[in-house]
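The values are calculated or read from the model by the stated rules, or taken from the named source; none is laboratory data. Keep in mind that this is a model prediction, so the values were computed, not measured. No Cβ is skipped: glycine too gets one built from the backbone with ideal geometry, and neighbour counts run over all protein chains shown.
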Amino acid sequence: MDGSMNAWVTEAAEELGFAAGLERKLLAGIESGLIRDVHAVLISRRGKLVLEHYRAAPDESWGMPLGTVAFDAGTLHDLRSVTKSVVGLLYGIALDRGLVPPPEAPLLAQFPEYPDLAADPARAGLTIDHALTMTLGLDWDEYRSYADPLNSEIAMENAPDRYRFVLAQPVLHAPGTRWVYSGGATALVGAVIERGTGLRIEDFARDALFAPLGISHFEWMSGRDGVASPASGLRLRPGDLLRIGQMVLDHGLAGGRQIVSQGWIETSCARVVSTDDGLGYGRFWFTDAAFVPAFGEVRPWVAGFGNGGQRLWLMPDAELACVIFSGNYNAPDAWVSPTRIWREIVLANLQTI
């Protein structure tokens, strides 16, 4: 990426170690129906863009139909739960600046308006880190469709007090012992960031992360109470999400400036707990490994995942990043197409280390 960060430097995929015909192989997968509902795919290696593909397709934003959108480099798109990974970085920036308590700090101490909850011995051990790692041990159900009002994240958005709604959920497990996917956990971390910085999360993001990366255009969807959703509300252009990924690959550096400390990048991306489908989870980042023919073995990756097939895949050992925007919202098979792109288009066609 160039020093100004206003545009990506492009280079032929073959020059950066990929097999010939990378985009043609992506198109073949789309035309065959094996890869579906794709809106945008960007691939970079060593900070240079090697593939950029957009399509016209129906889209929505937080369930609101947008009609058919002719996607291009300037089009904003829902990140859905990839927003969580961005929020994890924002917490790290605020932590580096001494604006928020450390991960081991008691969680309920950050919400003094709920003394009744703080007095409950079963909740006394909750920490900020339990929210960051989604190991709160509280009842939460996001396996229902997000079109279902009984989905816990949707119920939280509809609740008169989102933070009490999350913190008052029944205690099912001891904190730190079991991973349960929870947009409520991210909402709590968002509140910690806002209370510590004195800024709305979208304003802190603009000043502390987006502006230093040259990201000038974004939207952050808000609930009925006007609070921007840390769990799923961010909308970015594809190249801008790729910038965030590149910064993570570069250990928090961008344009000669340390945006996020290297220590927090490492802490965020380190596996802490196993998810219910066998992946690892750090602090709002999924982790695992995949076979890479160029290496002849598996190599670790980290990723942000979002409803509908939104993905930010990163493989540090290969200096590789991939953004995928898709429109397969609320579908149980939404993971299939982006995973095929990552494994069968990106990794399978990487020929040199």
Mind checking whether some residue in segment 110-132 is in contact with a Leu (Cβ under 8 Å, 6 or more places away or on another chain), modelled with pLDDT under 95 and surrounded by fewer than 20 Cβ atoms within 10 Å (Cβ to Cβ)? yes
Here is a check on your reading of the model: is R123 within 23 Å of Y181 (Cα to Cα), assigned to a loop (DSSP other than H, G, I, E, B) and touching a strand residue (DSSP E or B) at 6+ places or on another chain (Cβ under 6 Å)? no
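Among helices (runs of 4 or more DSSP H) lying entirely in segment 147-204, which contain 1 or more residues that are of a type in the set (F, W, Y) and either touching a residue at least 24 places away in the same chain (Cβ under 8 Å) or touching a Pro at 6+ places or on another chain (Cβ under 8 Å) (or both)? Steps first, please.
Working: elements: 152-158, 162-167, 183-197.
In segment 147-204, the matching helices (runs of 4 or more DSSP H) lie at 162-167.
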A211 being surrounded by fewer than 23 Cβ atoms within 10 Å (Cβ to Cβ) and more than 18 Å from T83 (Cα to Cα): no
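Can you spot a residue in segment 188-199 that is in contact with a strand residue (DSSP E or B) (Cβ under 7 Å, 6 or more places away or on another chain) and at pLDDT 95 or above? Lay out the reasoning, then the answer.
The first filter runs over segment 188-199 and keeps only residues in contact with a strand residue (DSSP E or B) (Cβ under 7 Å, 6 or more places away or on another chain), leaving none.
Checked against the condition, which is being in contact with a strand residue (DSSP E or B) (Cβ under 7 Å, 6 or more places away or on another chain) and at pLDDT 95 or above, segment 188-199 yields no hits at all.
Please work out if T339 is surrounded by fewer than 24 Cβ atoms within 10 Å (Cβ to Cβ), in contact with a helix residue (DSSP H, G or I) (Cβ under 9 Å, 6 or more places away or on another chain) and not in a strand (DSSP E or B).
Numbers: surrounded by fewer than 24 Cβ atoms within 10 Å (Cβ to Cβ): yes; in contact with a helix residue (DSSP H, G or I) (Cβ under 9 Å, 6 or more places away or on another chain): no; not in a strand (DSSP E or B): yes.
So T339 does not fit the description; no.
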Is it the case that segment 153-172 has a residue that's surrounded by 16 or more Cβ atoms within 10 Å (Cβ to Cβ), hydroxyl-bearing (S, T, Y) and within 16 Å of F284 (Cβ to Cβ)? no
Could you give me the residue pairs with C-beta distances under 7 Å whose first residue belongs to segment 95-107 and is over 16 Å from A191 (Cβ atoms), whose second residue is in a loop (DSSP other than H, G, I, E, B) and not hydrophobic (A, V, I, L, M, F, W, C) wherever it lies, and which are 6+ apart or on separate chains? D96/S261
Criterion first (of a type outside the set (F, W, Y), more than 16 Å from K84 (Cβ to Cβ), touching a strand residue (DSSP E or B) at 6+ places or on another chain (Cβ under 7 Å) and at pLDDT below 95) does A331 satisfy it? no
Could you grab me the full set of residues in segment 50-90 that are under 20 Å from the mean Cα position of the chain (by Cα), farther than 30 Å from V192 by Cα and of a type in the set (A, V, I, L, M, F, W, C)? A73
